[in-house]
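Worksheet: the structure to be examined is printed underneath.
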Amino acid sequence: MLTIYGKQARFCDGISRRNFLKIGGLSMGGLALPQLLQAEARAGIRRSQKAVIMIYLPGGPPHQDMFDLKLDAPSEIRGEFQPIKTNVPGIQVCEHLPRMAAMMDKLAVVRSISDAVDDHSDFHCMTGRSKRNQPPGGWPTFGSAVTRLLGPSNHAIPPFVGLEPKMQHRPYNDATPGFLGAGYRSFRPDGSGKDDMVLNGVTLDRLADRKMLLSGFDHFRRDVDASGLMEGLDRFNEQAFGVLTSSKLLEALDFQREDKKVIERYGKGDPKPHGDAAPMLMEQFLVARRLVEAGARCVTVAFGFWDYHGNNFKNAKADMPLLDQGVTALVEDLHQRGLDKDVSVVVWGEFGRTPTINKDAGRDHWPKASCAVLACGGMKTGQVIGATDRLGAEPSERPVRFAEVFATLYHQLGIDVNKTTITDLSGRPQYLVEDGCQPMSELV
């Protein structure tokens, strides 16, 4: 909400104030309040351009049909897909992921995530925590915690942007700012945050008309300057106000500014929601890159619907090539633009799938083993971490916990998980990851 009074007014305390500025929630992940900027300055937080892109695959993708194929298993477990070689000797992936195979040297595959829960929710993937034994208010999502600790790197760009839509199965949107409060939620360009981007009649609906958009912002700033509104505001109010008067966020969201060849490299995908989850919009991978390049610290994406209780192989054959194209386009783009040392990427779902193929040619929920793909961020890539048994049922080497991946992502942002805490609603300091989990030595 933005409230501006430009004329003289006398308030109940008897003081005459010519101008009054109120900048409310804005859904900007904490950017809205000038007090956050003041706290940042007092704390002496070190600024950096490092960022994380989290790609969530709602429903739980079939790990043994993507990155952990089991040719020696019986046919009712093995499935119909064949492995192919990658550009890293000794590593194989599914035949329907040829682009990832061609850039495996830029990826790290975790085959042995061991502590998933049978819960169709983004909570574990976005917080690294279990829903059990939460503190008052609940655990905050990764992006909310990063916003609290680091604040914005650019005051015209929200530090935490959520590109995932509101999904039909509501728990796919379960993760929240938790005990950090609504001020630290993600900014959602296609959600309630859209209403907060209305200035002088300029809305996201007019994003494509860049000339009118920039003209509207310029006119707004001139009106503000002429009225003297900026006079007397301290520098923190000016920074917060800058979010409203800058076109940088809208420019970052406008992927049509990219070269046509770049847009074609990402592809288009399918704008219709899949199942009860998310569309397969390729453009959101490109928008995510543009946002982190502009200064966002965390961008979250939800891609598709992977709950293949039936027709596992038919569905995977259609969906995996889109994921393959989107992820590799993003990773390639980050490398080409010199962002590969600063922007970490993680791709995963809430759990894996059953080793046994069911009567409907599908695979059911299986939390005992699942997988993840990581890239960039200066991490050590071109490797596979962990392994599962002959049936793909349980980790047989190097079990990996969600919290270890989160500890790694925090580490890549320059945050020490051994020393850093955030205070919950009871005033108790809480560590960022549970049970003393450390960054993964294989990656850092």
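The values are calculated or read from the model by the stated rules, or taken from the named source; none is laboratory data. What you see is a predicted model; the values in this text were computed from it and never measured. Here Cβ is always computed from backbone atoms with ideal geometry, including for glycine, and neighbour counts include all displayed protein chains.
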Residue satisfying all of: in segment 74-87; part of a loop (DSSP other than H, G, I, E, B) and under 27 Å from C125 (Cβ atoms); modelled with the lowest pLDDT among these: G79
Selected residue [within 21 Å of Q438 (Cβ to Cβ), modelled with pLDDT of 95 or more, hydrophobic (A, V, I, L, M, F, W, C) and touching a helix residue (DSSP H, G or I) at 6+ places or on another chain (Cβ under 8 Å)] from V345, V400: V345
Positions within segment 372-390 being under 17 Å from A116 (Cβ atoms) and in contact (Cβ under 8 Å) with a residue 24 or more places away in the chain, in sequence order: A372, V373, L374, I385, G386, A387, T388
Residue check, H120 under 28 Å from V433 (Cβ atoms), assigned to a helix (DSSP H, G or I) and touching a Phe, Trp or Tyr at 6+ places or on another chain (Cβ under 8 Å): no
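Please go through segment 123-177 and pick out each residue that is assigned to a loop (DSSP other than H, G, I, E, B) and free of Cβ contacts under 8 Å to residues at least 12 places away in the same chain. Write out each step before concluding.
Going residue by residue through segment 123-177, those that are assigned to a loop (DSSP other than H, G, I, E, B) are 128-141, 151-159, 163-169, 174-177.
Passing the criteria: R132, N133.
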Complete set of residues in segment 321-345 that are among the aliphatic types (A, V, I, L, M), over 14 Å from L374 (Cβ atoms) and crowded, with 24+ Cβ neighbours inside 10 Å: L323
Counted residues, segment 280-310 - those being surrounded by fewer than 24 Cβ atoms within 10 Å (Cβ to Cβ), in contact (Cβ under 8 Å) with a residue 60 or more places away in the chain and in contact with a Phe, Trp or Tyr (Cβ under 8 Å, 6 or more places away or on another chain): 2
Single condition F406 does not satisfy, out of (1) outside any loop (DSSP other than H, G, I, E, B); (2) exposed (fewer than 15 other Cβ atoms within 10 Å of the Cβ): (2)
Residue that is farthest from the chain's Cα centre (by Cα), among those in segment 113-128 that are surrounded by 23 or more Cβ atoms within 10 Å (Cβ to Cβ) and at negative phi: I113
